[in-house]
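S.K.: Have a look at this one.
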Amino acid sequence: MSNIVLVGFMGSGKSTVGRIVADRLESEFVDTDCLIEERTGRSIQKLFSQDGEAQFREIEARVVRSIASRDRQVIAAGGGVVLRPENVACLKGSGRVVYLRLTEEELLERTKHLRGRPLLEGDDRRKRVRELLQERRGLYEDAADVIIDTGELTPAQAADAIVERLGLE
Ligand code: S3P
């Protein structure tokens, strides 16, 4: 089986849904943020504050290259992975990309209590979400082989939809 790559905004449920899909397909679940933290021995937040976003993106691209060289995985990709075309090319070459899509309002609700996301920090979270989504919406859509609107789905329903849309039942 080639990989299944979940992309989407922070809070869209990539890790929760990805774990369920991996269980169903008896394949490995990997999360780019967890791998980055394991490899560097630092939290994403520390990496951002100590080394900056640019350095984080370098490490992220390295992690993407290394996971894309393996198969039979369900991959939860960090929300900013689509910012680099080479990441997208690498992931698309390793499997099928699924965009977990939510509206701005749904994302605002889902990210309300999300911690450890340096890019969402600041006083005006609504503005942050809107700006980032404007920048990325098209990138997620272009990267995707399949788009699933998950705003009204439970994680289990979203996992069902992925398995069905990819024809893996
Ligand atoms: C980021 C998303 C985060 C993490 C980092 C940057 C982004 O991952 O990689 O905070 O740029 O959208 P999740 O999408 O898993 O929250």
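S.K.: Percent relative contact order of the chain, based on C-alpha pairs within less than 8 angstrom and at least six residues apart? Working shown, then result.
M.R.: Details: 243 pairs, mean separation 58.6, N = 169.
Rounded, it is 35 percent for the chain.
S.K.: Here's another thing I want to ask about it. Quick one: check the C-alpha center-to-center distance for the range 1-29 versus the range 118-169, whole angstrom.
M.R.: 12
S.K.: Pulled fully out, how much extra length does the chain show between Asp23 and Ala89, if you take 0.36 nm times their separation in residues and subtract their Cα-Cα distance? Mind showing how you got there, number by number?
M.R.: Values: separation 66, 0.36 × 66 = 23.76 nm, distance 2.62 nm.
Gain in length upon complete extension: 21.1 nm.
S.K.: A further question follows. Would you calculate a helix-derived [θ] at 222 nm for the chain, using -39,500 (n - 2.57) for each DSSP H run of n ≥ 4 and dividing by the full residue count, to the nearest 500?
M.R.: On the way: 8 runs with 93 residues, N = 169.
Here the helix-only value at 222 nm equals -17000 deg cm²/dmol.
S.K.: While we're looking at this one, here's another question. Over the range 1-97, what relative contact order in percent results from Cα pairs under 8 Å that are six or more residues apart?
M.R.: Values: 130 pairs, mean separation 48.2, N = 97.
Averaging sequence separation for qualifying contacts and normalising by length gives 50 percent for the range 1-97.
S.K.: Please order Cys90, Cys34 by the number of other Cβ within 10 Å, starting at the fewest.
M.R.: Numbers: Cys90 19, Cys34 15.
In order of increasing Cβ crowding within 10 Å: Cys34, Cys90.
S.K.: Can I ask one more? Across the range 112-121, in residue order, what do the Karplus-derived ³J(HN,Hα) couplings come to in whole Hz, using 6.51 cos²θ - 1.76 cosθ + 1.60 with θ = phi - 60° and x for Gly and Pro?
M.R.: 3, 10, 6, 10, x, 10, x, 6, 9, 6
S.K.: Could you give each residue of the range 142-153 its phi-based ³J(HN,Hα) in whole Hz, using Karplus coefficients 6.51, -1.76, 1.60 with θ = phi - 60°, and x for Gly or Pro?
M.R.: Karplus-based 3J(HN,Hα) across the range 142-153 equals 5, 6, 7, 8, 9, 10, 10, 7, 9, x, 10, 9 Hz.
S.K.: Over the C-alpha atoms of the range 70-169, what are the Rg and the largest Cα-to-Cα span, Dmax, in Å?
M.R.: For the range 70-169, the Cα radius of gyration and maximum Cα-Cα distance read 14.4, 44 Å.
S.K.: Further question on the same structure: Which of Ser94, Ser27 comes first, and how do the rest follow, when ranked by fewest Cβ neighbours within 10 Å? Before the final figure, lay out the partial values.
M.R.: Details: Ser94 21, Ser27 16.
Ascending number of Cβ neighbours within 10 Å: Ser27, Ser94.
S.K.: Counting other beta carbons within 10 Å of each residue's own, what order do Met10, Met1 fall into, fewest first? Intermediate values should be presented prior to the final figure.
M.R.: On the way: Met10 19, Met1 13.
Listed from fewest to most nearby Cβ atoms, that is Met1, Met10.
S.K.: Determine the sum of side-chain charges near Asp145: Lys and Arg each +1, Asp and Glu each -1, restricted to other residues whose C-beta is under 10 angstrom from that of Asp145. Working shown, then result.
M.R.: Details: positive: Lys92, Arg96, Arg165; negative: none.
Its environment carries a net charge of +3.
S.K.: Using modelled amide H (1.01 Å from N, peptide plane; none on Pro or chain starts), what sits under 5 Å from the amide H of Gly78, excluding residues fewer than 5 places away?
M.R.: Thr32, Asp33
S.K.: Let me ask another. Using θ = phi - 60° and the Karplus curve 6.51 cos²θ - 1.76 cosθ + 1.60, what whole-Hz ³J(HN,Hα) does each residue of the range 127-140 get, with Gly and Pro shown as x?
M.R.: 5, 4, 4, 4, 4, 5, 5, 4, 5, 9, 3, x, 5, 4
S.K.: What are the residues whose amide H is under 5 Å from the amide H of Phe29, where those residues sit 5 or more places off or on another chain and H is modelled from the backbone?
M.R.: Val74
S.K.: While we're looking at this one, here's another question. For the range 3-151, what number results from the quotient of the Cα radius of gyration and 2.2 N^0.38 Å?
M.R.: Details: Rg = 14.5 Å, N = 149, 2.2 N^0.38 = 14.7 Å.
Against the empirical 2.2 N^0.38 Å value, I get 0.98 for the range 3-151.
S.K.: Quick query: amide H of Asn3 versus all other amide H atoms, modeled in the peptide plane; which residues come in under 5 Å with a sequence gap of 5 or more or a different chain?
M.R.: The list, which skips near neighbours in sequence, is Arg72, Gln73, Gly95, Arg96.
S.K.: May I pose another question? Over 19 Å, how big is the tail of the calculated P(r) for the range 1-75, in percent of all Cα pairs?
M.R.: Details: 1080 of 2775 pairs.
The proportion of pairs with Cα distances above 19 Å equals 39 percent.
Every read-out reported here was derived from the displayed coordinates using simple, explicitly stated rules and does not represent laboratory data. This structure is a prediction, so every number in the text was calculated from the model and none was measured. Heads up, the Cβs are rebuilt from the backbone with ideal geometry, glycines too, and the neighbour counts pull from every protein chain shown.
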